[in-house]
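See structure below.
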Amino acid sequence: MNKQHRILVVDDEASMREFLDVLLSKEGYRVSLAKNGKQAVKLIKNNSHDLILSDIRLGDITGLDVLKEAKKQDPDTVVIMISAYSTTEIAVDAMNQGAYDFVQKPLTILSLKPPLQKPWNLEPLTMTKKGDPWSLRIISILIG
């Protein structure tokens, strides 16, 4: 796994953003933060991220809206959803909209490592040419 992957964390709770920033930075990822869905959408449109972690409940728009925008920008985006308020219906809806995985809060490094590592382990199947070098587009983990 290339530890230079860029991850966008989207959560309206400052403590969760800070927790994920510290956790992911210590793992070697380059982390960007968004405090709401609209800020996340702007960052998705203007910057390249390999992975986006987004809370389902963001206050302004939903994490599913962030997911839709990520897929609109790049249909090949891999989406992993995380939520404290998960139901089977939410998980199925997210997966039907293109989410790659769904992880429930509370988050720990043990609960996050497999979903974060698995998409990069599948690179030969999911990579797209975005210039040189090849880049993997993984965008939205929804954290509920």
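The residues of the range 1-22 that are in a helix (DSSP H, G or I) and either crowded, with 17+ Cβ neighbours inside 10 Å or without any contact (Cβ under 8 Å) to a residue 60 or more places away in the chain (or both), listed by number, are A14, S15, M16, R17, E18, L20, D21, V22. Considering the range 79-108, the residues that are among the β-branched types (V, I, T) and buried (at least 24 other Cβ atoms within 10 Å of the Cβ) include one that is modelled with the highest pLDDT, namely I82.
Count of the range 32-78 residues, restricted to those that are under 22 Å from Q4 (Cβ atoms) and crowded, with 21+ Cβ neighbours inside 10 Å, is 12.
Filtered by the rule that a residue be touching a residue at least 40 places away in the same chain (Cβ under 8 Å), out of contact with any Phe, Trp or Tyr (no Cβ under 7 Å at 6 or more places or on another chain) and not in a loop (DSSP other than H, G, I, E, B), the range 84-100 gives I90, A99.
Counting only residues that are within 15 Å of I52 (Cβ to Cβ) and out of contact with any helix residue (DSSP H, G or I) (no Cβ under 9 Å at 6 or more places or on another chain), the range 18-36 holds 2 of them. The sole residue among L116, L107 that is within 14 Å of the chain's Cα centre (by Cα), part of a loop (DSSP other than H, G, I, E, B) and of a type outside the set (G, A, S) is L107.
The values are calculated or read from the model by the stated rules, or taken from the named source; none is laboratory data. All values reported here derive from a predicted model rather than from experimental measurement. Every residue, glycine among them, receives a Cβ derived from its backbone with ideal geometry; neighbour counts consider all protein chains shown.
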